[in-house]
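Q: Once you've had a glance at the structure underneath, I'll fire off some questions.
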Amino acid sequence: MSNLISNQDPRISCQTQSLFKKHQEYLGEFVYGGIDGAVTTFAVVAGSVGAGLDNTIIIILGFANLLADGFAMSIGAYLSSKSVKDNYNKHKAAEYWEVNNLPEQEREEVELIYRKKGFEGDLLKQVVNTITADKDRWVDVMMKDELMMSEETKSPFKIGLVTYISFVTIGLIPLLVYLWDFLSEFPGNLFLWTSIFTSIAFVFIGFLKTYVTETSKLKGILETLILGALAATVSYFVGDILEGIITN
């Protein structure tokens with residue numbers, strides 16, 4: 001087996017790494033979509049339990065929240081990313097126009113940028129000549145060093161799609177026990193087991209979050225658990241208080 005691994009075609013390994021990195025760049029959207037889905041759906045369930053609502057109502061409210069909020073969040077993520085991309089492309093087109101129509105002025109700006117970085121004399125001239133010899137490179141420098149803008153390489157559509165899939169997939173977990181009970185009586189305390197399963201989901205998504213934020217795994221997991229617990233606690237007592245006010 002070891003010989004098989006050691007003799008593996010390096011191109012396969014590179015392709016695997018490339019595929020992993022391709023999906024990893026959308027991990028942030030998956031994590032934050034999952035956190036929002038789990039927190040909001042669990043909050044709906046907790047608030048409904050606190051208000052003493054029927055299990056059927058909990059399922060209806062949970063799915064309405066899950067699908068509608070997930071769609072709204074994904075559309076927001078898509079539009080936000082698209083706006084950033086459009087804004088970048090607008091400024092990039094303007095820089096190309098300036099390079100084509102105001103080359104001397106733009107050349108002076110490049111020179112000023114690199115003079116501030118410590119370049120001077122012949123070295124400065126060489127750097128400026130090298131940059132301005134290629135329009136694409138020239139515009140890239142102006143975008144990064146003058147406008148402080150970097151290009152968003154991720155697809156807005158994929159950002160929205162990953163956000164929605166994550167929101168719905170992770171957000172469905174707080175409803176699973178109630179669905180089970182609706183289809184076939186669940187042998188246990190519904191809210192207790194919902195809390196347990198949702199906590200496991202928070203642990204999982206908190207663990208993934210550490211790869212995005214590059215923080216300690218314990219910190220990431222605890223932060224996500226505490227966030228979910230606070231949201232559920234507030235929702236539960238709000239539901240309980242409102243139920244008491246309305247029924248009395």
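Q: Give me the aspartates and glutamates in straight-line cross-link reach of Lys219: C-alpha distance below 19 Å, same-chain residues under 8 apart excluded.
A: Counting by Cα, and skipping residues close in sequence, Lys219 has these aspartates and glutamates nearby: Asp36.
Q: Rounded, prolate or oblate: which fits region 172-248, taking a ≥ b ≥ c as square roots of the Cα gyration tensor eigenvalues, rounded meaning a/c under 1.5, else prolate when a/b beats b/c? Write down the numbers at each step before the final one.
A: Numbers: a/c = 3.58, a/b = 1.50, b/c = 2.38.
It is oblate, given that a/c is not under 1.5 and a/b is not larger than b/c.
Q: Relative contact order for region 172-248: what percent, with Cα pairs under 8 Å and sequence separation of 6 or more?
A: On the way: 45 pairs, mean separation 16.7, N = 77.
With pairs under 8 Å counted, the relative contact order is 22 percent.
Q: Could you tell me whether region 159-206 comes out rounded, prolate or oblate from its Cα gyration tensor? Rule is a ≥ b ≥ c as square roots of the eigenvalues, rounded for a/c under 1.5, then prolate if a/b exceeds b/c, otherwise oblate.
A: Oblate is the answer for region 159-206, as a/c is 1.5 or above yet b/c matches or exceeds a/b.
Q: Another question about this same structure. Using DSSP to call loops (not H, G, I, E or B), can you name the GluC sites (Glu not before Pro) in region 111-210 whose Cβ has at most 11 other Cβ atoms within 10 angstrom?
A: Counting only loop positions with at most 11 other Cβ atoms within 10 Å, the GluC sites (Glu not before Pro) in region 111-210 are Glu120, Glu185.
Q: I need the trypsin sites (Lys or Arg not before Pro) found in region 38-120, filtered to DSSP loop residues with at most 16 other beta carbons within 10 Å of theirs.
A: Working: sites: Lys82, Lys85, Lys90, Lys92, Arg107, Arg115, Lys116, Lys117; in loops: Lys117.
Passing both the DSSP loop test and the Cβ count: Lys117.
Q: Please grab the % of Cα pairs in the chain that end up more than 34 Å from each other.
A: Working: 13670 of 30628 pairs.
The answer is 45 percent, as a whole percent.
Q: Identify the GluC sites (Glu not before Pro) of region 195-247 meeting these criteria: DSSP loop state and at most 11 other C-beta atoms within 10 Å of the C-beta.
A: Glu214
Q: Taking a cut-off of 27 Å between Cα atoms, list the lysines near Lys125, but don't count ones fewer than 8 places away on the same chain.
A: Once the sequence-local lysines are set aside, what remains near Lys125 is Lys92, Lys116, Lys117, Lys135, Lys144.
Q: If you place +1 on the Cβ of every Lys and Arg and -1 on the Cβ of every Asp and Glu, how big does the dipole about the Cα centre of the chain come out, in debye to the nearest 20?
A: Values: 20 positive and 29 negative charges, 106 e Å.
Approximately 500 debye in magnitude.
All of the numbers you see were taken from the coordinates with simple rules; none came from a lab. None of these values were measured; they are calculated from a predicted model. No Cβ is skipped: glycine too gets one built from the backbone with ideal geometry, and neighbour counts run over all protein chains shown.
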